[in-house]
Each structure stands twice: as C-alpha cells, then as structure tokens.
Amino acid sequence: MYKLRPEELSLFFRKEHMQVPENKGEKRESLIVLEKVGLYAGLLHSLGTDALTGIIGDAKDIKRRQTFFGENAKQLPKIKSFLSLLLSQFEDLSLRILLVAATLTLAVGLYSAEPYQWVEGASIYFAVALIVLFTSGFDYMKEKQYLKQHSEILNEEVSVIRGQYGLSQPCKVFDLVVGDVILIEAGMRIPADCVLIEGMDVTVDESAYNEGASTIVAKTLSKDSDQHLSNPDPFLLTRSLVMTGQGRAVVCAVGEQRRI
C-alpha cells in the first residue's frame, strides 16, 4: 500500500541530513533522499495522497495509516507527585533548623517538672506541618495546571485537506496521520514533521532546535534535481513557528518518528 516506511521518511528530518554541506555544489542529504523518491509527486504517490484532495480520510484509511506509520500522539510530561513535592520541602536548611529546634524544645518540655512545657515544641511542629502542607498543595496545583495547559496546546486544531472534493476541515493535532495535506499559514505551529509541497514566502522560526536562539529559515521548494547550488529547504519541523507566508505541506512523520 505505502512505498515508504516510517524510518525512511524520518531521514528527511535528521539534523545532519538537513545541514547544508560545507563544500559548495553539494546537496544537503535531505534533498538527495527527496530526489530518490521522485521529488514531491513521487513522495505524494508513495504516501497514497494527493496535493489537492489529500487522503481519502475515512475511518478505515485513518486506521490503516495509524497502524503503519504510528499515531501523532506524544506522551505528556510527567509531573511531580504530591509526596515528592512534600519531601522536597524538607530540603530547605532553615526548615531543618526549625525542626531541630522544635525537637529539642519538645524533649525538654516532656522531661520538665513544669506542666505543659511540651506545648511550645508541639506548636512549632504544628506550624511547620501547616506550612509544608500548604506549600506542597500549592505547588501540586501548579503542576496539574501546567499539565492541563500542555495537553490543550498539543491538541490544537489545524486545517487539513481530506476527501475527494479537496475541502479543508479542522482536525485535532493528535488525529493527524502521515499523508495528510495541511494548510500552512502565518502564526501556526507545525504539528508534525512535514514537507512543503506548495508555498509562497514561507519562513519559520526554528528556535526550538537551536537552544532558544531565534532562527528564521526560509522554506522553498526544490523544483528539479539540478537545483542544488541554492540548497532549497522544504522541510518543516514539529513545533516550528510559521512567521510569514502560506502554503500546503504533507505530513511525513508523526509521534515517536518526529524530530521532537
């Protein structure tokens, strides 16, 4: 059914393959891989999709693609448990000193001839417990809120082309499959590793791959196999931010096969 395996598609997006060779006149490896599959027409044919109408998109087609290429699901980040947050509070040196002082005060009070001398030490313990529980609970609520926000961000909607009439429709990021043709527009984040198949003035910020440093990269099509001196770059990486332009791109790597 499909002429390219997930491992072969991921070759487009490897860091070493996307870099422009130091020697002039040499092509980047990603372009060589693209040429081997027949450029854009060959890539679309190998994925059983079309630039204008996309994939068939019915339940059977989606299931078949998810089974072969994988699902576009990414494991949510793990958050700290309430117990771990509670224990981390005792790493504070001042809190440890306070507990030692409370222990000594309680011990002295228990062995004192005066009645209720232990109350002072116990009250310190009680105050420390309230502080630790309150701080841990507040931190745990922040962790849960972060997880919720992260889940919402990952499940944004994009416009996808599916069906015989080539109509665009909204699609959750988690529901994208390899072969989907998505609409690219300024302000969106690329939801999966894609190859641009049609575009006008498309530039993206790839700072997620450059330790936070803003890196604006122009994305252009490779029109033929002889166009190698300029080393065009039609490869769109997951989480890249589209700064300008518009176009269409075909999804090539999802889930664990993505660059990030």
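Look at segment 48-72 and say how many of its residues are touching an Asp or Glu at 6+ places or on another chain (Cβ under 9 Å) and in a loop (DSSP other than H, G, I, E, B).
Here is the first cut: in segment 48-72, the ones touching an Asp or Glu at 6+ places or on another chain (Cβ under 9 Å) are 48-49, 51, 54-55, 57, 62, 65, 70-72.
So of that shortlist, the ones also in a loop (DSSP other than H, G, I, E, B) come out as 48-49, 51, 54, 57, 70-72.
So the count comes out to 8.
Go through segment 100-133 and give me each residue that's within 43 Å of the chain's Cα centre (by Cα) and exposed (fewer than 11 other Cβ atoms within 10 Å of the Cβ). Passing the criteria: A129, L130.
Can you name the residue in segment 109-136 that is of a type in the set (A, V, I, L, M) and modelled with pLDDT under 80 and is also nearest to K80 (Cα to Cα) among such residues? Before you say what the answer is, go through the steps one by one.
Initially, segment 109-136 is screened for residues of a type in the set (A, V, I, L, M), giving 110, 113, 119, 122, 124, 127-133.
Next, from what is left, pick out any that are modelled with pLDDT under 80: 110, 113.
Values: L110: 38, A113: 46 Å.
Here the residue is L110.
Here R96 qualifies as basic (K, R), surrounded by fewer than 16 Cβ atoms within 10 Å (Cβ to Cβ) and either assigned by TED's automatic domain parsing to the domain that holds I131 or part of a helix (DSSP H, G or I) (or both). Restricting attention to segment 1-15, the residues that are assigned to a loop (DSSP other than H, G, I, E, B) and in contact with a Ser or Thr (Cβ under 6 Å, 6 or more places away or on another chain) add up to 2. Among the residues of segment 163-200, those that are closer than 17 Å to K219 by Cα, under 18 Å from the mean Cα position of the chain (by Cα) and not in a loop (DSSP other than H, G, I, E, B) comprise I182, I184, R189, D193, C194, V195.
Quick check on V160: is it at pLDDT 90 or above, at negative phi and part of a loop (DSSP other than H, G, I, E, B)? Explain how you work it out, then say what you get.
Working: at pLDDT 90 or above: yes; at negative phi: yes; part of a loop (DSSP other than H, G, I, E, B): no.
For V160, the condition - at pLDDT 90 or above, at negative phi and part of a loop (DSSP other than H, G, I, E, B) - is not met.
Check whether at least one residue in segment 160-178 is more than 30 Å from Y2 (Cβ to Cβ) and loosely packed, with under 13 Cβ neighbours inside 10 Å, and report yes or no. No, segment 160-178 has no match at all. Candidates I55, I32: the one that is surrounded by 15 or more Cβ atoms within 10 Å (Cβ to Cβ) and either touching a Cys at 6+ places or on another chain (Cβ under 7 Å) or farther than 30 Å from K144 by Cβ (or both) is I55.
The values are calculated or read from the model by the stated rules, or taken from the named source; none is laboratory data. As the structure is a prediction and not an experimental result, all values here were calculated from the model. Every residue, glycine among them, receives a Cβ derived from its backbone with ideal geometry; neighbour counts consider all protein chains shown.
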